[in-house]
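The structure appears right after this line, and notes come after that.
The values are calculated or read from the model by the stated rules, or taken from the named source; none is laboratory data. None of the values given here were measured: they were computed from a predicted structure. Because the Cβ atoms are built from the backbone with ideal geometry, glycine has one as well, and the counts that use them run over all protein chains shown. Protein only, heavy atoms only, side chains kept; ligands, DNA and RNA dropped before computing areas. Shrake-Rupley method; radii C 1.70, N 1.55, O 1.52, S 1.80 Å.
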Amino acid sequence: MQALRDFLDRLPETRRPLPWLALLCLLLWLPGFFALPAGDRDESRFAQASRQMVESGDYVRIRFGEVERNKKPAGIHWAQATAVHVVEGLRLGTRADIWAYRIPSLLGALLAVLATAHFGRSLVGRRAAFLGAAMLAGCFVLGVETHIAKTDAALLGTIVVAMGLMGRAYLAPGQFTAKQAAGFWLVLGGAVLLKGPIGPAVPLLAGITLFAADRGWQGGAPWLRALRPGWGIPLMVLAAAPWFVAVTIATDGRFLAEALGGDMLSKVGGADENHWGPPGYYFLSFGVAAFPAAFLVLRAAPGAWMDRLQPATRFLLAWAVPVWLMFEAVTTKLPHYAMPAYPALMLLAAAWALDPLRRQPPRWLSVFSLVVAIAVAFGLAAVAVALPVLADGRVSLVALLALPAAALFAAGVFLMLRDGAPARAALLAVLLAIPLQAVVLGGVLPRMTAPWISPRLAALVNQAAPGLPDERFGIAGYHEPSLMFALGSEIRLLRGGEEAARFLAGEPGRLAAVSDREEARFRAEAATLGLALRERGTVAGFNYSRGRRVAIVLYGVGG
């Protein structure tokens, strides 16, 4: 036990923290990275749009099938397309492999962790920066985002770099060079190309908060002058503007109209795609999203607020609190939206834990935070065990490993906290989360059958008619984006059973898949048309996007 304590104490003092953190990230994130099938709905939409860029050579317009996808800028699609080209060039995989499109998410998350450690040193010191970065790497929500081919993990990487540079300007404006200022604005330009105004909103809100807290109207704001906004803002705009101009011309202005009016404003004023949450949603979900180190953030919160007059603490609070409140105020809510605040929260917690003069939290908060951590650990284990039973009707032996992993996590964290070593407890929590997350993301989810309908249906189609062109396959009653990624952009998404029957009758050699909800209408129309139907197989599963069971029958005509 003493050897473990010594290891946990020495690890933050390593002379080469970044390789250790990179190794930690890979241990946390690689399980399931290659094995998880393409998910619905956002991942498959992003990946398919990027795949169509690769296949068409059109890197300006974003399309999903034949439909313009005017929601997010093209930055993430360029990154995914580049990853696919590299993977294919090195002959490591093909554009049909979903993991190739996840590489930008993995690299973005890795950049966020390493940048937290690098820039955090000037804010909280070397040891606390290492601990905070390790805690960020362990966050369950970030681990999930590395397994999804979309914008948020990559965006987090740009935000951490930008805020790290801003922190240096705030603490030492006289030493902040024009080159660093240019880097700050160029990174924000990259963030705009990833997800529009979300990236620049984080330093903007932090800057407004710091200007008000420091009474910048009286003594000025030297950190603001150090950032050189006079030429920096035009540089940020210049970095992002060429693509926006090109896509505006290419879509006759539809991209800006739909992205701003249809996507962004719908999230602010209403629950986009039914992702609604009440005020306080992110606080209530924080224990799970920031697991396993959320308990340390909760314990450190009172002490961090009391030390808000310290410049570094003030900056980190100005980074985390306003952006958190902004996302709490927005109607559309998803657990990963609040991730831009996480690096600052982890650094604040790490600095508190390593401060020998730290203010102890109220006893009720200490007990509450520990209970939350243990409850989440056993909750994840219970979910891992229950999912195969509920979805596939079987007990997974791999899933059962989550129970001893959760028990080991609870015992380790409890013992370290009992010793009065919160920093040691947090680092051990991250290490003990590795097997637990590996079971969930790498051992359970990829081995389930019911949720992965599209890959099984694609395999059935390829078995029934090898080499069938995309346009000769149609489907009614199941239009999830993963199906297009699995079978191709030209498959026919049919409106109902009647149209499926007419599709089969239209040309020899076609196949049609019909869900159980459209079965009766399909057979009635097929009888009217005099089709000699032939069943080629059935795929049954659980459509988790809609929360219901579905059975899909594949049909051909005649022999």
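Could you tell me whether A375 is aliphatic (A, V, I, L, M), closer than 11 Å to V444 by Cα and within 26 Å of the chain's Cα centre (by Cα)? Steps first, answer last, please.
Values: aliphatic (A, V, I, L, M): yes; closer than 11 Å to V444 by Cα: no; within 26 Å of the chain's Cα centre (by Cα): yes.
When the stated conditions are applied, A375 does not pass them.
Give P356, P302, P343 a once-over and let me know the one that is touching a Ser or Thr at 6+ places or on another chain (Cβ under 9 Å) and either outside any helix (DSSP H, G or I) or at negative phi (or both). Step through it out loud before you land on a result.
Working: P356 fails: touching a Ser or Thr at 6+ places or on another chain (Cβ under 9 Å); P302 fails: touching a Ser or Thr at 6+ places or on another chain (Cβ under 9 Å).
Matching residue, one of P356, P302, P343: P343.
Conditions (1) in contact with a Pro (Cβ under 9 Å, 6 or more places away or on another chain); (2) not small (G, A, S), marked per residue:
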| residue | (1), (2) |
| --- | --- |
| F211 | no, yes |
| A226 | yes, no |
| L238 | no, yes |
| W243 | yes, yes |
| I249 | no, yes |
| D252 | no, yes |
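Would you point out which residue out of A526, A500, A486, A505 is touching a residue at least 60 places away in the same chain (Cβ under 8 Å), surrounded by 15 or more Cβ atoms within 10 Å (Cβ to Cβ) and either part of a helix (DSSP H, G or I) or of a type in the set (K, R) (or both)? Walk me through how you get there before you give the answer.
Details: A526 fails: touching a residue at least 60 places away in the same chain (Cβ under 8 Å); A500 fails: touching a residue at least 60 places away in the same chain (Cβ under 8 Å); A505 fails: touching a residue at least 60 places away in the same chain (Cβ under 8 Å).
Exactly one of A526, A500, A486, A505 is touching a residue at least 60 places away in the same chain (Cβ under 8 Å), surrounded by 15 or more Cβ atoms within 10 Å (Cβ to Cβ) and either part of a helix (DSSP H, G or I) or of a type in the set (K, R) (or both), namely A486.
In region 313-354, which residues are under 20 Å from the mean Cα position of the chain (by Cα) and among the basic types (K, R)?
Of everything in region 313-354, just one residue is under 20 Å from the mean Cα position of the chain (by Cα) and among the basic types (K, R), namely K333.
What pairs come up if the first residue lies in region 285-313 and is within 14 Å of A349 (Cβ to Cβ), the second is open to solvent by less than 10 Å² (accessible area, probe 1.4 Å) and in a loop (DSSP other than H, G, I, E, B), and their beta carbons are under 8 Å apart, counting only those six or more places apart or on different chains?
Here the result reads A290/C139; F291/C139; A293/C139; V297/A290, each pair linking region 285-313 to a residue that is open to solvent by less than 10 Å² (accessible area, probe 1.4 Å) and in a loop (DSSP other than H, G, I, E, B).
Going through region 145-171 one residue at a time, which ones are among the hydrophobic types (A, V, I, L, M, F, W, C) and either under 29 Å from P446 (Cα atoms) or open to solvent by 30 Å² or more (accessible area, probe 1.4 Å) (or both)? Break it down stepwise before answering.
So the first thing to find is which residues in region 145-171 are among the hydrophobic types (A, V, I, L, M, F, W, C), and the list is 148-149, 153-156, 159-163, 165-166, 169, 171.
Matches in region 145-171: I148, A149, A153, A154, L155, L156, L171.
Here is a yes/no grid of residues against (1) at pLDDT 95 or above; (2) assigned to a helix (DSSP H, G or I); (3) touching a helix residue (DSSP H, G or I) at 6+ places or on another chain (Cβ under 7 Å):
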| residue | (1), (2), (3) |
| --- | --- |
| A406 | yes, yes, yes |
| V413 | yes, yes, yes |
| G420 | no, no, no |
| A429 | yes, yes, yes |
| L436 | yes, yes, yes |
| L445 | yes, yes, no |
| A458 | yes, yes, yes |
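Just the residues that are in a loop (DSSP other than H, G, I, E, B), modelled with pLDDT under 95 and within 36 Å of the chain's Cα centre (by Cα), please, taken from region 212-228. Let's see the steps before the verdict.
Taking region 212-228 and keeping what is in a loop (DSSP other than H, G, I, E, B), we get 214-215, 220-221, 227-228.
In the following step, the residues that additionally are modelled with pLDDT under 95 were identified as 214-215, 220-221.
Selection gives D214, A221.
What residue, of A501, A486, A513, is within 30 Å of A149 (Cβ to Cβ) and in contact with a Ser or Thr (Cβ under 9 Å, 6 or more places away or on another chain)?
Working: A501 fails: within 30 Å of A149 (Cβ to Cβ); A513 fails: in contact with a Ser or Thr (Cβ under 9 Å, 6 or more places away or on another chain).
None of the other options fit; the residue is A486.
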